[in-house]
1. How far apart, in nm, are two points set 7 Å out from the Cα along the Cα-to-Cβ line at ALA43 and at ARG29?
2. Between GLU69 and GLN126, what is the label-to-label distance in nm when each label sits 7 Å out along the Cα-to-Cβ direction?
3. Where in segment 136-169 is the amide nitrogen less than 15 Å from a point lying 7 Å along the Cα-to-Cβ axis of VAL179?
4. With Kirkwood's inverse mean 1/r over C-alpha pairs for Rh, give me the Rg to Rh ratio of segment 63-132, two decimals please.
5. Quick one: compute a quarter of the convex hull surface over the Cα atoms of segment 2-147 and quote it in nm².
Amino acid sequence: KNIVILISGGGSNMAAIVRAAQREGWQDRFGARVAAVVSNKAAAGGLAFAREQGIAAEVVDHKAFGSREAFDEALAAVIDRHQPALVVLAGFMRILTPGFVARYEGRLVNIHPSLLPAFPGLHTHQRAIDAGCRVAGVTVHQVTAELDHGPILAQAVVPVLPDDTADTLAARVLTQEHVIYPQAVASLLQKR
Ligand code: GRF
């Protein structure tokens, strides 16, 4: 069962999943492996990590395409070469077309740094602080055509502290992301 992980930046969530797969023996236990990491940004730091782990690391640069649909088609062609049982969006900062989502629906997941349905979209940590939230957190969800709104698979909660900034809160949430994303991916693949 091949996992393809899509990133746009540092890829710390991708790295957490790769490390969990190695540490927990996913290949031996349930035949799952991270087959490829694909980024829309050639400069994504996560690509170097993937290559060091011997994982195919590929770039599909969204700026090279004239439309969102053309980019998504090219992206899907690269993904499908790996015949994924699961496509994992991990810090992937592109809004995907309904056609792309339909192609992978049911085997497409995302991580969003808020307790959905609260704070879909961007700048989630600042918005939680501005709203006076006492807790914040992260959600792993199935991806549907409606941005940040698919069925929830896992969540984790962290406290919002009085002197928090968006950065201090983001760091606290990110540590929980690295816990629940590997767990959610493993449990999805054990069920398949
Ligand atoms: C994280 O906050 C994650 O919630 C969001 O993208 C940010 C960076 O993730 N989706 P990563 O370090 O690139 O995995």
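Rule-based calculations on the coordinates, nothing more; no lab input. These figures come from a predicted structure and were not determined experimentally. Ideal geometry is used to build each Cβ from the backbone, glycine not excepted, and the neighbour counts take in all protein chains shown.
1. 3.8 nm
2. Placing both labels 7 Å along Cα→Cβ, they lie 3.4 nm apart.
3. The answer is 136-140, 154-160, whose backbone nitrogens lie closer than 15 Å to the label point.
4. 1.06
5. That works out to 9.4 nm².
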